[in-house]
Every structure is written in structure tokens, then in C-alpha cells.
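The values are calculated or read from the model by the stated rules, or taken from the named source; none is laboratory data. Given the structure is predicted, the values throughout are model-derived calculations rather than measurements. Note that each Cβ is placed from the backbone with ideal geometry, even for glycine, and that neighbours are counted across all protein chains shown.
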Protein chains: 2
Amino acid sequence: VAADLLVFAVPGIPEIAPAADLARVIAGAVRSATDPQRAIEPGDVFVVAQKVVSKAEDAVVRLGEVTPSALAIEWAAAAGKDPRVVEVVLAQSKRIVRMDRGVLITETHHGFVCANAGVDASNAGGPGRLVLLPLDPDASARRLRARLRARLGVAPAVVVTDSFGRAWRIGQAEVAIGCAGLAPVDDWRGRTDTDGRELHGTVIAIADEAASAADLVRDKGSREPAVRIRGLGRQVPGGDGPGAAALLRAAADDLFG
Amino acid sequence: VAADLLVFAVPGIPEIAPAADLARVIAGAVRSATDPQRAIEPGDVFVVAQKVVSKAEDAVVRLGEVTPSALAIEWAAAAGKDPRVVEVVLAQSKRIVRMDRGVLITETHHGFVCANAGVDASNAGGPGRLVLLPLDPDASARRLRARLRARLGVAPAVVVTDSFGRAWRIGQAEVAIGCAGLAPVDDWRGRTDTDGRELHGTVIAIADEAASAADLVRDKGSREPAVRIRGLGRQVPGGDGPGAAALLRAAADDLFG
């Protein structure tokens, strides 16, 4: 029998400046809660939007410092985009998946396939700025987990998330780009169904589902970049674990290969 | 400020037989709960696994009644599959997306792109049976919503879900294949970020994120096909709404077009 899941935003997170100590900010918000149910508990998962992780790590580019390449200039003109933005996207990419009708989908250096290599101008902390994905989101999650443990006395799990478009479906869904302390997948292969048949091919992307669950309580118009999930203890085994890198499918295996 | 989200399984759902009255079963489980917090509330969302919806609608094929085509026989032999299973998958499909190395991904008649057209032999109620997707999952959701309203006195939202593989990412995530009473997407285009910049391209697949959140409390080894989500009231506007069909991206627009 499964445990109930409780999902709630961490209130009172201020604008995050470069080199901000995100663990201090989040731990402070947790400790200032008066409701004892909001105190930290073993197995709690902190789901943190990539945007604030990147800003704390100063993974931000100023457009004034970008010199676009010929490719960026040409495609930007055809697509009605800023060539400097296109240049930043290309610099974050190792492979172009689609470059067509104003849509630029690439594989990032990390191996994520997403629109504009995850580069985003919204909530960037000011005009003329672009927020990049963290350099190594799993390392970001591990650091944040260690620092939250130091401040809170209990090691939570940490998931760093971003909104990705999907093939074949409308709308974005929040997915895990970094993860520490949460098992990223739950592998049911070899286990049996209620008829005794093996559950073939059942590998569940727990970290992505947790990212999506957290997104449901996040108001994109306000500043609620951190969300807590309680009730996933079964998926919080103790160590950092393999991280969200375990959710990356190699291009050669793609389309569910 | 967002509301907390509470996600919990509906206990005590028995094996669902053909022509079972799923609303009666679910409403009975809700009404037998002794905890007053488990009583129905306006804005509650019932997330129901496709498997039990299909079984109640008798969307089940007996393998003994299937005659495979030449294509099914040939590919099944190459892939080491049962040609009758392949035949059923092909019959549920309007387009083959990939047919390679044992992987068969198709677009179903509904427009879903998924492995094996959603046809599944696990928990099928007995050997030699395959459970299909419901004929019209949005209609299934609308019917279930109306019947739950009649029995519970409050109209909940209903989401019918299945586990789909994803391009580029490991593991399956639960998505909405049918929906009534829940806004399937939350469209932030035109609204602004905290810097006053328009949030371009921000359409959030709420129904898919709700499906994923529900999956986190579902134990695939036991029978917990129905999950409730409380706290999504903002996304439960009243009517049936456009359904999960609003989440289907036309093939011509694919790759985030």
C-alpha cells in the first residue's frame, strides 16, 4: 500500500542573486515555518527550479557580450530571432535536432534534448540576460543536498527541474535535469503482475514524475522556485544515487530503443 | 500562492470484470472511508488507470480469436514476438512510427504515439488476453465523471491515464489519455514574468503532470488503479472541458512545432 503524497511550495524565497547561497535561503525558509508539519522530515524531497540554481551559480550570459556566428545570424534573420540568443543556444548544444519554422531543438552538452538548449530569457534577473542550464545539474543537486543536510540536520533528496516540450504531445511538462538522493527510476522488470505475468518494460521515471508533481503547486507568476514532496520515502534510499543522468537515452537507442 | 497538493490512492478496488460499474466501485470505496478528510470535496480529481477503464468497457481481445496478417507474421518472427499480439497492435494503429529491433511504436487511431499502441498483456484478467486502450478515453472520462457525480453528489474531475515511453528519455511516465472536468493545459502565453517579460511558449500540460503525480502513489504490484488529487481546484473550472484530445500534437506540427 502506497503512502499519501503531500506537495507544497517553500514560501518566501527571494530573488536569487549570483553566488547566492541557495541552501541557506531554502533552509531558512524551512526553519521559519511555524507549522510543525512543515519541519524537515527524513525522506523529504526538495524540487528546485533550474532557474534559481543557474542564477545562484551565475550561469547567466549578458547579450552585450555575445558575438553571433554566421549561422546564428542567418537563421535568426529567417526566424525573426535575436542572433545573439541563437548564438548562445548553439554554444550550449552538441547536436541540432530540429531547426525549422522558428523552432530550434538541440541536444545540449549534458545530453538533454529540448527547445533552445534550455536557454531562457524570462525571469532572468534583468533585460539583456539569458539564463543557461547549470553546467552539471546532478553536481548542483548533490551540492545542494549536502548543504541542506548541514543546515537542517537531515539529508533531503534534491531534484533540479526544467520544463521541456515533448514529442507528439502539446504543452510542456516539468522533468528532472539533476537529482541527488532520489532514485531516478523505479525498475519493475522481473517483478510480476497480479496474474503472475512478468511486468515487461516497466521502468518508471520517478524523478520526472516528481518534477511534474511539484510543478502543479508552483505559480509561475510568483516566486515559488522550491517545492517539497513528502511521501516518496521508498524512493529515497540514502546515498546520492546515479542522478538524472540515468534518465538520458543515448541517441542511438532513441525512440524507446 | 499555490495550494498544497494531496495525492492518495483509493483503497479497496477489486478486480474489475467486463461491464463492471466502475463509478459504483470507486464511489463505494470513497463512501466507505472513515476518515472525514477522505470524503469527496469540490475540486477533487480522480486519476484512473486506463487498464480498469478498458476492462470495465470490455476493451479486451482474446488471442485465440486473432488471425495474424502476413506483415504481423513476418515481423513477429524477426522480433521474436507472438504474431497475434503484433496483429492486434497493428489493428489499433493508423501509422507505424518505428518498427525496429523488437520495438513497435505506432500512432493509435486516437492519435496517441506509444509503444505497442497501448496494447498490454499484464494484469489483463487472465492468460491469452490483451487489454486495448478505451475506444474514446475522453468519452470514458466524461461518463465516469457524470456517474461519480450522480453517486457522490459532487462532480469530480476525472483523468484516465496510461504509462508512455518518451523520446530521448529513459523510463515511462504516466500521461493523460482521457480527461473530463480538469483543464488539460494551463496557458501562460501573454502573461508576464516577474521582470514584466512575456512568458513565451509556456503552455503547461496539467493533465499529464496530474497523471504523473498520481502514479507516484500507485503501487504497480497491488491493485490501486484509482488515485485522488486534492488541491488542483484552480484547474477544475466546472464543465467537462476539451479533454485529453487537446494534448495531441498533429504529426505535421511535431517536434514542438
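Taking the stretch B:71-95 as the range and being closer than 15 Å to B:Gly118 by Cβ and touching an Asp or Glu at 6+ places or on another chain (Cβ under 8 Å) as the test, the residues that pass are B:Ser93, B:Lys94, B:Arg95. Within the span defined as the stretch B:238-252, one or more residues are at the interface with chain A (Cβ under 7 Å from one of its Cβ atoms) and in a loop (DSSP other than H, G, I, E, B).
For A:Val159, are the conditions met, namely being of a type in the set (Val, Ile, Thr) and over 21 Å from B:Asp208 (Cβ atoms)?
Numbers: of a type in the set (Val, Ile, Thr): yes; over 21 Å from B:Asp208 (Cβ atoms): no.
For A:Val159, the condition - of a type in the set (Val, Ile, Thr) and over 21 Å from B:Asp208 (Cβ atoms) - is not met.
With respect to the conditions (1) under 22 Å from A:Leu255 (Cβ atoms); (2) crowded, with 24+ Cβ neighbours inside 10 Å, B:Ala180 lacks only one, and its number is (1). Restricting the stretch A:29-49 to residues that are assigned to a helix (DSSP H, G or I) and closer than 23 Å to A:Gly238 by Cα, the residue that is modelled with the lowest pLDDT is A:Gln37. Could you check A:Thr161 against (1) touching an Asp or Glu at 6+ places or on another chain (Cβ under 7 Å); (2) over 16 Å from A:Ser54 (Cβ atoms) and say which number it fails? Failed condition: (2). Within the stretch A:134-188, track down each residue that is among the aliphatic types (A, V, I, L, M) and assigned to a loop (DSSP other than H, G, I, E, B). Matches in the stretch A:134-188: A:Leu135, A:Val154, A:Ala155, A:Ala167, A:Leu182, A:Ala183, A:Val185.
Restricting A:Trp188, A:Trp168 to those that are at the interface with chain B (Cβ under 9 Å from one of its Cβ atoms), among the aromatic types (Phe, Trp, Tyr), in contact with a strand residue (DSSP E or B) (Cβ under 9 Å, 6 or more places away or on another chain) and surrounded by fewer than 22 Cβ atoms within 10 Å (Cβ to Cβ) reduces the list to A:Trp188.
How many of the residues making up the stretch A:130-148 are over 19 Å from B:Ile170 (Cβ atoms) and either in contact with a Phe, Trp or Tyr (Cβ under 6 Å, 6 or more places away or on another chain) or buried (at least 17 other Cβ atoms within 10 Å of the Cβ) (or both)? Can you show your working first?
First pass over the stretch A:130-148, keeping only residues over 19 Å from B:Ile170 (Cβ atoms): A:130-132, A:134-135, A:139-140, A:142-148.
Retained after the next criterion (residues that are either in contact with a Phe, Trp or Tyr (Cβ under 6 Å, 6 or more places away or on another chain) or buried (at least 17 other Cβ atoms within 10 Å of the Cβ) (or both)): A:130-132, A:134, A:140, A:142-145, A:147-148.
Summing the residues that are over 19 Å from B:Ile170 (Cβ atoms) and either in contact with a Phe, Trp or Tyr (Cβ under 6 Å, 6 or more places away or on another chain) or buried (at least 17 other Cβ atoms within 10 Å of the Cβ) (or both) in the stretch A:130-148 gives 11.
Determine if the stretch A:89-101 includes at least one residue that is touching a Gly at 6+ places or on another chain (Cβ under 7 Å), under 22 Å from B:Leu255 (Cβ atoms), at pLDDT below 95 and in a loop (DSSP other than H, G, I, E, B). Within the stretch A:89-101, one or more residues are touching a Gly at 6+ places or on another chain (Cβ under 7 Å), under 22 Å from B:Leu255 (Cβ atoms), at pLDDT below 95 and in a loop (DSSP other than H, G, I, E, B).
Going by what's in this entry, would B:Gly118 be described as within 29 Å of A:Asp187 (Cβ to Cβ), surrounded by fewer than 24 Cβ atoms within 10 Å (Cβ to Cβ), small (Gly, Ala, Ser) and more than 12 Å from chain A (Cβ to nearest Cβ)?
Details: within 29 Å of A:Asp187 (Cβ to Cβ): yes; surrounded by fewer than 24 Cβ atoms within 10 Å (Cβ to Cβ): no; small (Gly, Ala, Ser): yes; more than 12 Å from chain A (Cβ to nearest Cβ): yes.
Answer is no for this residue.
Is one or more of the residues making up the stretch A:56-70 away from chain B (no Cβ under 14 Å), part of a strand (DSSP E or B) and crowded, with 20+ Cβ neighbours inside 10 Å? The answer is yes, given that some residue of the stretch A:56-70 is away from chain B (no Cβ under 14 Å), part of a strand (DSSP E or B) and crowded, with 20+ Cβ neighbours inside 10 Å.
Out of B:Arg228, B:Arg223, B:Arg218, which single residue is surrounded by 19 or more Cβ atoms within 10 Å (Cβ to Cβ), in a strand (DSSP E or B) and either in contact (Cβ under 8 Å) with a residue 40 or more places away in the chain or at positive phi (or both)?
Details: B:Arg223 fails: in a strand (DSSP E or B); B:Arg218 fails: in a strand (DSSP E or B).
That would be B:Arg228, the only listed residue that is surrounded by 19 or more Cβ atoms within 10 Å (Cβ to Cβ), in a strand (DSSP E or B) and either in contact (Cβ under 8 Å) with a residue 40 or more places away in the chain or at positive phi (or both).
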